[in-house]
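Where a number appears in this text, it was derived from the coordinates with a stated rule and is not lab data. Because the structure is a prediction, the values reported are computed rather than measured. Please note: Cβ atoms are built from the backbone with ideal geometry, for glycine as well, and neighbour counts cover all protein chains shown.
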Amino acid sequence: MRAVKRLFLLLAVLMFNAVVAAEGVDAACTQHSLRIAVIPKKSMEELLKEHRSLTERLTRATGIPVEIVPSSSYESVVDAIVSGGVDIAWLGPASYVIAHQRDPRIEPFASLTISHGFFTPAGHHYQALLLVRSETAKAIPDLRGKRVALTDPASTSGSVVPNAEFSALLGEPLGQFFGSIVYAGSHDKSLDALLARKVDAAFVSSVRADEYLTNGLISRDTFKVLWRSEPIYYDPFVFSGTLCPAIKEQVRNAMLNDQAGLAQFLKSQEASGIVPVDHAAYAPLLGKMQAAPAAQ
């Protein structure tokens, strides 16, 4: 009889501990909304439109409102995810490395599988391109002293990789080779500047060049590719260091499973799917960033 009483007492203690633990998890995950920031590769109006189906999917999955937070620069998105001002960010590879250096708890969890394009091969990688109008230059030496557009200092394909890889090819910093360098602010603005002949060349993402081609803004003959970078693993979605595990799991499931519901979002990104990703995919970029000389 005494043994039975001890057994009931043990079961009661175990059940009490389980309830306390569950309440602790629920309390830790109490959150009234989910805020997402996206690096400004294009206009905010366009980004909000493209991400609508994704935010609606995440709202259903988490049971809380999900919103896209307007961002004016790559740096502002990095600041927001590091400070906890947003819960999720869609960063460029270099922006992620910068954010991770500031807060190692920031966690990449998903990236897109890119559809095949004229400028970009299908898969998980893209490239930085140096584009020119055909009448401007036939080869790289023709650009010495010319005006070039970069996107943002924290842009991977629009600044970081060109400063590392293209400068190594030249044997000198970009600022010594080109006559002047302008930061357009986004890949779209760099492409627009090149179309308007405000610059002679532009470093841009191959994915953005493909979107311009798909949308009829350029033809295959509008620009000439004078240089391509080594393949770069595509942009990661990352969690902030303070987002609780339960919501992380809900977001992962919503984005990585049953992707038919995200068809509209994937189409807007010229992508065929979403895959899991981790820090290892972006770690090699850190060495390039540390070795890259200043643009000017």
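What to note about this one:
- Within straight-line reach of residue 41, meaning a Cα separation under 30 Å, sit the following lysines at least 8 residues removed in sequence or on another chain: 49, 138, 146, 189, 198, 224, 248, 267, 288.
- Using Cβ point charges alone (K and R +1, D and E -1), the dipole size of the chain about the Cα centre works out to roughly 260 debye.
- Its Cα centre serving as origin, the range 35-168 has a Cβ charge dipole (Lys and Arg +1, Asp and Glu -1) of approximately 300 debye.
- Shown here: the range 157-250, whose C-alpha atoms stretch 51, 36, 22 Å along the first, second and third principal axes, sorted largest to smallest.
- Nearest-0.05 FRET efficiency for residue 242 and residue 118, computed from C-beta distance (R0 45 Å): 0.65
- Checking every one of the trypsin sites (Lys or Arg not before Pro) in the range 170-221 against DSSP loop status and a limit of 12 other Cβ atoms within 10 Å picks out 197, 220.
- The range 16-172 - share of DSSP beta bridges that are antiparallel (%, nearest 5): 10
- Point-to-point label distance, residue 102-residue 258, nm (Cα→Cβ direction, 7 Å offset): 3.6
- Folded to 0 to 90 degrees: helix 74-83 orientation relative to the chain principal axis, Cα: 20
- Neighbourhood net charge (11 Å Cβ-Cβ; Lys/Arg +1, Asp/Glu -1) for residue 86: -2
- The chain: angle of helix 245-256 to the longest principal axis, Cα-based, in degrees nearest 10: 50
- Within the chain, DSSP assigns beta bridges of which about 65% are antiparallel (rounded to the nearest 5).
- 0 to 90° range, to nearest 10: angle between helix 93-102 axis and the chain longest Cα axis: 50
- Computed lengthening from residue 32 to residue 228, 0.36 nm per intervening residue step minus Cα-Cα distance: 66.1 nm
- Structure-derived Cα extents along the principal axes in Å: which label, when the choices are (i) 60, 44, 36; (ii) 73, 44, 39; (iii) 95, 37, 29: (iii)
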